[in-house]
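The values are calculated or read from the model by the stated rules, or taken from the named source; none is laboratory data. It should be emphasised that the depicted structure is a prediction, and the values quoted were computed from it without experimental measurement. As a convention, Cβ positions derive from the backbone with ideal geometry for all residues, glycine included, and neighbour counts pool all protein chains shown.
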Amino acid sequence: MSGVIPVTKNGITYALFILGRPVVDGAKFFTQQTDEFQVGIIERPAGHQVKAHQHPGRNETVRQTSEFLYVEKGKAKVTVFDDDWAVLHEQVIEAGDIMVSFRGGHEFTMLEPIRFIEVKQGPYPGDASAKVFKQ
């Protein structure tokens, strides 16, 4: 299966699933410019050059910790919750799939042994401060 599945409630995006390694022409960002976390896929031909550059420092306030997951191998079921722990969506993810979590909660049930890459904003304050678990 391929495609992009946004998980929203009342116009607010809680999560985004990018399934099946979508083909893009050039650069395709799946997040909105106003999102606190930007995720895109870039494809360029051999010989293409991105000119040397830097990203200037900015003072931004991070209001939510966003997470990016890329599944290298295996399979898991992801459950996405709103801020009050109501289930918004369940999605099976597997090799090549991406999940971006912007807010609310999430839970993973591993359906096969899995390996994924996770990226989120830092610094990391430790488990006691970084996570609130469902009761």
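When segment 5-23 is filtered for residues that are outside any strand (DSSP E or B) and charged (D, E, K, R), only Arg21 remains.
Looking across segment 53-75, the residues that are surrounded by 10 or more Cβ atoms within 10 Å (Cβ to Cβ) and at pLDDT 90 or above come down to Ser66, Glu67, Phe68, Leu69, Tyr70, Val71, Glu72, Lys73, Gly74, Lys75.
I'd like to know if segment 22-35 contains one or more residues that are farther than 21 Å from Gly3 by Cα and without any contact (Cβ under 8 Å) to a residue 12 or more places away in the chain. Yes, segment 22-35 has at least one match.
Look at segment 41-64: where a residue is in contact (Cβ under 8 Å) with a residue 40 or more places away in the chain and a partner is surrounded by 10 or more Cβ atoms within 10 Å (Cβ to Cβ) and of a type in the set (S, T, N, Q), sitting 6+ places away or on another chain with Cβ atoms under 8 Å, you get Val62/Gln121. Tell me, please, whether a residue that is surrounded by 14 or more Cβ atoms within 10 Å (Cβ to Cβ), under 21 Å from Val4 (Cβ atoms), of a type in the set (Phe, Trp, Tyr) and modelled with pLDDT of 90 or more can be found in segment 106-124. Within segment 106-124 (the criterion being surrounded by 14 or more Cβ atoms within 10 Å (Cβ to Cβ), under 21 Å from Val4 (Cβ atoms), of a type in the set (Phe, Trp, Tyr) and modelled with pLDDT of 90 or more), the answer is yes, since at least one residue qualifies. Just so you know, in segment 1-52 the residues that are of a type in the set (Lys, Arg) and surrounded by 13 or more Cβ atoms within 10 Å (Cβ to Cβ) include one that is modelled with the highest pLDDT, and it is Lys9.
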